[in-house]
Amino acid sequence: MVAFGVQYNGASMASVIGPLDFAERTEELGYRSYFVPELETLPTLDAFTLLASVAQRTSHMRLGTGVAVLPFHTPYQIAKIAASIDVLSGGRMVLGVGTGGVYNGDFAVEGVRVEDRRGITDERLALVRRLLSETDVTHHGTFHDMEHMTLEPRSVQQPHLPIWTGAMWNGGFARRPLERTARWADGFHPNGMTPEGYAEGRAVIEEMAASHGRDPAAFEWSCNMYLCMGQTRDDAYREVQAAMRQRFGEDAWEIDPSTLPLGTPADCIETLEAFVDAGVTHFVINALCTPEALLPTYERFAVEVMPRFGV
């Protein structure tokens, strides 16, 4: 069964619909999850505060960070916040985490050295998992020390709320985020890859997970997927390029058109089917178009594309 969720994108979306109204509308349309990225220095709401609010305006959507930057949060702090949202939502929280690095200015604001982010993320992710799943946790590491800590309240989801890890595609996935996923996460939530790239990443994670004594069949396989619908693939791709420049300014990056659904509903279905064949079971849709076209795109996608996947 394939599930579709949405990603709320701050200033771009807020000019046409507020985040809580957007959550209500997309839940009505049949989307199964609502994800929020953590972008410290952009004009966006705090991801966790927004998710706690969305929890009160929705009834069954899963609520996730897509993704939170783990170097910006102490392990106990982020575990406590995630567990609290899980309680407030009746067991719907997904803690998506990553190393960050897209906006290096965020690291300066948070007082974290960019070159330390991978080591910090490894230690914190292992510790967050323990805090969410164990009691009486003792840890002595490079960045953190704690004695006999038990996180309360416990999450509604047991044995713990799910942890997903993000990863950036750059002609391939680096081995370290795949290893991180295999050892400590419950789901994989990358972006920017081709279907072939996703299949390769999933295969490596499954092999690594088995070597660590974990069951690959228990993992969830998600991805963050930009979307633009139009009369043709070329028309849609031109709109994507313009929207990237508008949304990210000088930080905008070039997108490979083979990594996202573009064009007519039939075009989008063809691309998504390739990703399903590669192993994706949960798409978090991130519409990339002019602000006035954002909500109509989500509505059209729900009516003309999602039913093809049994939604």
Candidates Val97, Val6, filtered to the one that is of a type in the set (A, V, I, L, M, F, W, C), out of contact with any Pro (no Cβ under 8 Å at 6 or more places or on another chain), farther than 20 Å from Leu127 by Cβ and assigned to a strand (DSSP E or B): Val6
Please name all residue pairs, on different chains or six or more residues apart, with Cβ atoms under 7 Å, provided the first residue is in segment 269-294 and is farther than 15 Å from Ala3 by Cα and the second residue is open to solvent by 10 Å² or more (accessible area, probe 1.4 Å) and assigned to a strand (DSSP E or B). Leu288/Tyr226
When segment 121-171 is examined, which residues are found to be in contact with a Pro (Cβ under 8 Å, 6 or more places away or on another chain), within 28 Å of Met225 (Cβ to Cβ) and of a type outside the set (D, E, K, R)? Thr121, Val128, Thr165, Gly166, Ala167, Met168, Trp169
Looking at segment 127-139, I want the residues that are part of a strand (DSSP E or B) and have a partner that is surrounded by fewer than 15 Cβ atoms within 10 Å (Cβ to Cβ) and among the acidic types (Asp, Glu) with Cβ atoms under 8 Å, at least 6 apart or on another chain. Which pairs are those? Thr138/Glu147; His139/Asp145
Scanning segment 170-189 for residues that are open to solvent by 70 Å² or more (accessible area, probe 1.4 Å) and at pLDDT 95 or above gives Arg175, Arg176, Arg183
Please find, among Asn191, Asn224, the residue that is touching a helix residue (DSSP H, G or I) at 6+ places or on another chain (Cβ under 9 Å) and closer than 27 Å to Ser133 by Cβ. Asn191
Restricting to segment 294-311, name every residue that is at pLDDT below 90 and either assigned to a helix (DSSP H, G or I) or among the β-branched types (Val, Ile, Thr) (or both). Val311
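Being at positive phi and either of a type in the set (A, V, I, L, M, F, W, C) or open to solvent by less than 40 Å² (accessible area, probe 1.4 Å) (or both) narrows it down to one residue among Gly100, Gly119, Gly96, Gly90; which is it? Full working, then the answer.
Details: Gly119 fails: at positive phi; Gly96 fails: at positive phi; Gly90 fails: either of a type in the set (A, V, I, L, M, F, W, C) or open to solvent by less than 40 Å² (accessible area, probe 1.4 Å) (or both).
Within the list Gly100, Gly119, Gly96, Gly90, the selection yields Gly100.
Take the conditions within 28 Å of Ile255 (Cβ to Cβ), under 20 Å from the mean Cα position of the chain (by Cα) and open to solvent by 40 Å² or more (accessible area, probe 1.4 Å) and apply them to Arg129. Does it pass? Give the steps one after another, and end with the answer.
Values: within 28 Å of Ile255 (Cβ to Cβ): no; under 20 Å from the mean Cα position of the chain (by Cα): yes; open to solvent by 40 Å² or more (accessible area, probe 1.4 Å): yes.
No; evaluated as a whole, the condition is false for this residue.
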Which of the residues belonging to segment 261-282 are outside any helix (DSSP H, G or I), farther than 17 Å from Ala236 by Cβ and not polar (S, T, N, Q)? Ala278, Gly279, Val280, His282
Residue within segment 37-55 that is surrounded by 16 or more Cβ atoms within 10 Å (Cβ to Cβ), in a loop (DSSP other than H, G, I, E, B), touching a Lys or Arg at 6+ places or on another chain (Cβ under 7 Å) and not β-branched (Val, Ile, Thr) present: no
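Tell me the residue from Val102, Val87, Val112 that is more than 21 Å from Val284 (Cβ to Cβ) and at pLDDT below 95, please. Please lay out each step first, then the result.
Details: Val102 fails: more than 21 Å from Val284 (Cβ to Cβ); Val87 fails: at pLDDT below 95.
The unique qualifying residue is Val112.
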Tell me, yes or no, whether segment 285-302 has at least one residue that is over 21 Å from Arg32 (Cβ atoms) and in contact with a strand residue (DSSP E or B) (Cβ under 8 Å, 6 or more places away or on another chain). yes
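It is to be established whether one or more residues within segment 240-260 are among the acidic types (Asp, Glu), part of a helix (DSSP H, G or I) and surrounded by 17 or more Cβ atoms within 10 Å (Cβ to Cβ). Explain how you work it out, then say what you get.
Step one: list which residues in segment 240-260 are among the acidic types (Asp, Glu), which gives 250-251, 254, 256.
Those still in the list that are part of a helix (DSSP H, G or I) too: 250-251.
Next cut, surrounded by 17 or more Cβ atoms within 10 Å (Cβ to Cβ) only: none.
Within segment 240-260, none of the residues are among the acidic types (Asp, Glu), part of a helix (DSSP H, G or I) and surrounded by 17 or more Cβ atoms within 10 Å (Cβ to Cβ).
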Scanning segment 155-169 for residues that are among the polar types (S, T, N, Q) and over 11 Å from Phe188 (Cβ atoms), which turns out least open to solvent (accessible area, probe 1.4 Å)? Ser155
Take the residues in segment 9-36 that are aromatic (Phe, Trp, Tyr) and not in a loop (DSSP other than H, G, I, E, B); name whichever of them is surrounded by the fewest Cβ atoms within 10 Å (Cβ to Cβ). Phe22
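The values are calculated or read from the model by the stated rules, or taken from the named source; none is laboratory data. Please read these numbers as outputs of a predicted model, since none were measured by experiment. When we count neighbours, we look across all protein chains shown, and the Cβ atoms used for this are built from the backbone with ideal geometry, even at glycine. Heavy atoms of the whole protein, side chains included, go into the accessibility calculation; ligands, DNA and RNA do not. Shrake-Rupley method; radii C 1.70, N 1.55, O 1.52, S 1.80 Å.
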